[in-house]
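**Student:** Below are the structure tokens for one structure; questions will follow.
The values are calculated or read from the model by the stated rules, or taken from the named source; none is laboratory data. Bear in mind that the values here come from a model prediction, so they are computed numbers and not experimental data. Every residue, glycine as well, gets a Cβ built from its backbone with ideal geometry; the counts of neighbours run over all protein chains shown. Note: areas computed on protein heavy atoms with side chains; ligands, DNA, RNA excluded. Shrake-Rupley method; radii C 1.70, N 1.55, O 1.52, S 1.80 Å.
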Amino acid sequence: KNGKPIKIYSLIHASLRLIYDGKEIQIDPVGKMGDRTTDYGKMPKADWLFVTHEHGDHLDKEAIATLTGADTRLITNQRSADILGKGIVMKNGDKREDTSFTLEAVPAYNYTEGHTQFHPKGRDNGFIFTMDGLRIYVAGDTEDIPEMADVKDIDIAFLPCNQPYTMTTEQLIKAARVIKPKVLFPYHYSQTDVSGIPAALKSDGIEV
């Protein structure tokens with residue numbers, strides 16, 4: 001609306017970086033995954049730092065320390081705050097208003113039998129950012145849960161896709177049809193073949 005650009009960088013796996021209104025926003029920063037590394041020392045300190053949950057591919061104490069400056073605000077779920085010894089805790093359903101954006105914490109969990117121990121209901125967060133009317137949904141680690149029906153008016157959705165921890169490609173396609181984002185960005189997919197997703201959603205008018 002006001003013409004302020006948003007830059008979105010997909011780093012490794014589940015790590016995202018957003019730059020908006022002069023603010024540096026880091027989501028689940030992790031410095032090393034397998035043979036791939038991100039040098040957070042070369043990036044500015046974060047104004048906002050988000051951790052969806054405590055798993056090692058989302059919570060990296062070293063990356064958080066590198067990105068934390070005097071004014072960094074760290075937003076986490078309770079478990080991550082306990083591990084880090086700091087953080088503003090948000091639970092499912094919480095909302096916050098900042099001068100630059102609105103933030104909602106939404107559920108992220110497994111429901112498939114035999115998988116529920118990975119991400120139990122009520123523990124972890126997904127986040128929805130509203131930046132001057134543009135809505136970005138970062139799902140965190142989740143399956144295609146019923147609560148996604150309440151995730152509305154999304155412009156860009158980051159949805160995870162790797163078994164057994166998050167969604168199958170079929171679940172991701174189903175989730176995308178429920179959320180109906182303008183743009184879908186599958187992430188967190190490791191070795192999963194996501195190449196069939198764009199064609200599957202073509203008739204739904206979702207850009208992948």
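**Student:** Which one is modelled with the highest pLDDT among residues in the stretch 4-51 that are under 16 Å from TYR189 (Cβ atoms) and of a type in the set (S, T, N, Q)?
**Tutor:** Only one residue fits best here, namely SER15.
**Student:** Scan the stretch 75-100 for residues that are buried (at least 18 other Cβ atoms within 10 Å of the Cβ) and either of a type in the set (Gly, Ala, Ser) or over 16 Å from ASP124 (Cβ atoms) (or both) and jot them down.
**Tutor:** SER80, ALA81, GLY87
**Student:** Then there is this: So for the stretch 163-176 (the condition being under 13 Å from the mean Cα position of the chain (by Cα) and not hydroxyl-bearing (Ser, Thr, Tyr)), does at least one residue qualify?
**Tutor:** no
**Student:** Among the residues of the stretch 55-74, what is the count of those that are open to solvent by less than 30 Å² (accessible area, probe 1.4 Å) and among the charged types (D, E, K, R)?
**Tutor:** Final tally of qualifying residues: 0.
**Student:** Identify all residues within the stretch 176-199 that are modelled with pLDDT of 95 or more, closer than 21 Å to SER15 by Cα and open to solvent by less than 40 Å² (accessible area, probe 1.4 Å); write none if there are none.
**Tutor:** If the condition is that a residue be modelled with pLDDT of 95 or more, closer than 21 Å to SER15 by Cα and open to solvent by less than 40 Å² (accessible area, probe 1.4 Å), then ALA176, PRO181, LEU184 are the ones that fit.
**Student:** Another question about this same structure. Taking the criterion of being β-branched (Val, Ile, Thr) and part of a strand (DSSP E or B), would at least one residue in the stretch 141-155 satisfy it? Outline the logic, then answer.
**Tutor:** Pass one, the stretch 141-155, residues β-branched (Val, Ile, Thr): 142, 145, 151, 154.
Right, trim to part of a strand (DSSP E or B) and you get none.
There is no residue in the stretch 141-155 that is β-branched (Val, Ile, Thr) and part of a strand (DSSP E or B).
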